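Report on the following structure.
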Amino acid sequence: MARKYTKHGSRADAWDEAEDPVEAPPPRDCWLCERPCGETVIWHHPIPKSRGGRDTVPMHPICQSMLITTFTNSELQRNGLDAGLLRIDPRVEKFIAWVSGKEPDFNAPLGKKKQR
């Protein structure tokens with residue numbers, strides 16, 4: 001039968017002797033708007049998984065919603081991992097200009113995806 005405690009004291013003592021506390025990594029930048037991400041980070045597939053995408057990139061939830069409501073899976077597949085091509089779209093330029101003044105954890109409903 002296993003012991004509940006070590007021979008030299010309780011488990012709590014072992015945790016108290018921890019070395020330096022681990023520092024949190026610096027916030028990542030959003031793939032689309034290039035602002036630092038806040039507490040909530042979405043790992044988004046720039047090329048949709050249904051189209052063979054495997055890579056993920058960090059994004060704000062609002063930026064991911066903007067991509068999903070603006071572009072089709074075919075358009076995202078064509079643009080691939082190049083966020084610069086997405087940023088030159090007038091709809092995305094307008095969105096980035098609007099969201100640039102907001103705090104990192106800002107989120108708002110963007111509407112529904114338009115049927116084509």
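The values are calculated or read from the model by the stated rules, or taken from the named source; none is laboratory data. Worth saying up front: this structure is predicted, and the values here are computed from it rather than measured. As a convention, Cβ positions derive from the backbone with ideal geometry for all residues, glycine included, and neighbour counts pool all protein chains shown.
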Note to self: Considering only the range 27-49, I want to know if a residue exists there that is at pLDDT 65 or above, under 31 Å from the mean Cα position of the chain (by Cα) and more than 30 Å from residue 94 (Cα to Cα).
What the structure shows: no
Notebook entry, point to check: Taking into account only those residues within the range 50-74 that are of a type in the set (S, T, N, Q) and within 14 Å of the chain's Cα centre (by Cα), which is nearest to residue 86 (Cα to Cα)?
Noted result: 64
Next item on the list: Could you grab the pairs with beta carbons closer than 7 Å, sequence gap of 6+ or different chains, first residue in the range 43-67 and in contact (Cβ under 8 Å) with a residue 24 or more places away in the chain, second one aromatic (Phe, Trp, Tyr) and in a helix (DSSP H, G or I)?
Entry: 66/95
Margin query: So, restricting to helices (runs of 4 or more DSSP H) that lie completely within the range 48-95, which ones have at least 3 residues that are hydrophobic (A, V, I, L, M, F, W, C) and out of contact with any helix residue (DSSP H, G or I) (no Cβ under 6 Å at 6 or more places or on another chain)?
Written below: 61-70
